[in-house]
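Enquirer: Once you've had a glance at the structure underneath, I'll fire off some questions.
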Amino acid sequence: MLIDLHAHSSASDGTDTPAQLMAKAAQADLSVIALTDHDTTAGWEEAEREARRQGITLVRGIELSCKRDGISVHLLGYLHDPTHAELIAEMDRARDSRYRRAELITEALAADFPIDYQDVLAQVSPGATVGRPHIADALVARGIVASRDEAFARLLYDGSPYYISHYAPDPVAGVRLVRQAGGVPVMAHPCAAKRGRVVADTVIEEMAAAGLAGLEATHPDHDPQQEAHARDLAAALGLFTTGSSDYHGAGKANRLGQCTTDVDVYERIVGQETATDVVLP
Ligand code: AMP
Ligand code: ZN
Ligand code: FE
Ligand code: FE
């Protein structure tokens, strides 16, 4: 039974529509897939319809952008109430700030490369959460780089001269918000230093005290030592550990089901009193 609890659609920076993602998850023989777009639940309805058609179990979720001392923290939230006003307000604020930030990054790039903000907007599905992957796609479309990977490696990495951050709530506030909205908060890729700076374990302790449920220990961006550290930390803090692919479609090498979650952990997530139900086949 393959369970993958972290994947993106074109409602954020994935390249598959929510329906295509459900079809590919079924083709990949997954039993359970979670849709966790950045700062939006816009893909939930389409994914629900197609999950039923495909006969796959769908966990509806989000990946909430958070930040502590300039360090990005990604918080997965599962099965929360998508109408929770405070959580929506934070996600709207992050999404709006992401658009302004994409414009600023593009203006900085435009000083050195033939690209403008319209090129970037052309890569974003209507209403989707914009991210650096869309800027990467615009750079590819303009022939400036060959791939999303090359765009990140050369121009868009954390700390690049073109890098600008966006508004994001503190991770402790994020954990509280996901809980208040009836969801289950799990910290994504907690030790993935290859993505940029990671927060100290003491911040994860604070998140645990605020209601964090788990750590995503198995992730394509974790090396074996980082995975082991996440497992040790989870054990010390009484958290469970998940594993997931963070699939983004064609833009990234991550394959659906590349990393998976144990069924007993899945049952600990869906067994909680949550605001939204799992979509069963
Ligand atoms: P942002 O949310 O705008 O800060 O961009 C971060 C997103 O870019 C994350 O969802 C990552 O999965 C994605 N990303 C980071 N590095 C790469 C890479 N080398 N190739 C493709 N996507 C990447
Ligand atoms: Zn992403
Ligand atoms: Fe992430
Ligand atoms: Fe992700």
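Values quoted throughout were computed directly from the atomic coordinates according to the rules given, and no laboratory measurement underlies them. Quick caveat: nothing in here was measured; it's all calculated off a predicted structure. As a convention, Cβ positions derive from the backbone with ideal geometry for all residues, glycine included, and neighbour counts pool all protein chains shown.
Enquirer: Give the cross-link partners of residue 24 among the aspartates and glutamates, using a straight C-alpha distance below 15 Å as the criterion and excluding same-chain residues fewer than 8 apart.
Expert: Hits, sequence-local ones excluded: 4, 16, 46, 48, 50, 246.
Enquirer: Quote the relative contact order of the stretch 1-159 in percent (integer), defining contacts as alpha-carbon pairs under 8 Å separated by 6+ residues. Let's see the in-between values first.
Expert: Details: 250 pairs, mean separation 30.2, N = 159.
Relative contact order of the stretch 1-159: 19 percent.
Enquirer: Only helical DSSP H runs with n ≥ 4 go in: add -39500 (n - 2.57) per run for the chain, normalise by residue count and round the 222 nm mean residue ellipticity to 500 deg cm²/dmol.
Expert: When only DSSP H runs of four or more count, the value is -11500 deg cm²/dmol.
Enquirer: Can you tell me the 0 to 90 degree angle between the C-alpha axis of helix 44-54 and the longest principal axis of the chain, rounded to 10?
Expert: 60
Enquirer: What is the angle, in °, between the Cα long axis of helix 171-180 and the longest principal axis of the Cα atoms in the chain? Nearest 10 is fine, range 0 to 90.
Expert: Compared with the principal axis, the helix lies near 50 degrees.
Enquirer: Continuing with this model, one more query. Relative contact order for the chain using alpha-carbon pairs under 8 Å, separation at least 6, rounded to a whole percent?
Expert: Details: 602 pairs, mean separation 71.6, N = 281.
Once divided by the residue count of the chain, the mean separation gives 25 percent.
Enquirer: Estimate the FRET efficiency between residue 163 and residue 193 by the formula 1/(1 + (r/R0)^6), using the beta-carbon distance for r and 22 Å for R0, to the nearest 0.05.
Expert: Numbers: r = 16 Å, r/R0 = 0.74.
Approximately 0.85, to the nearest 0.05.
Enquirer: Dimensions of the chain along principal axes (Cα, Å, largest first)?
Expert: 52, 44, 38
Enquirer: Which of rounded, prolate or oblate describes the stretch 179-281 when judged by the alpha-carbon gyration tensor and an a/c cut-off of 1.5? It would help to have the intermediate numbers written out before the result.
Expert: Details: a/c = 1.72, a/b = 1.09, b/c = 1.59.
Here the stretch 179-281 falls in the oblate category.
Enquirer: Taking square-rooted eigenvalues a ≥ b ≥ c of the alpha carbon gyration tensor, is the stretch 230-281 rounded, prolate or oblate, where a/c under 1.5 means rounded and, failing that, a/b exceeding b/c means prolate?
Expert: oblate
Enquirer: While we're here: Roughly what % of DSSP beta bridges within the chain run antiparallel, to the nearest 5?
Expert: Details: 13 of 30 bridges.
Roughly 45 percent of the beta bridges in the chain run antiparallel, per DSSP.
Enquirer: So if R0 is 35 Å, what FRET efficiency would residue 52 and residue 262 give, r being the distance between their Cβ atoms, rounded to the nearest 0.05?
Expert: Numbers: r = 25 Å, r/R0 = 0.72.
Here the calculated transfer efficiency is 0.90.
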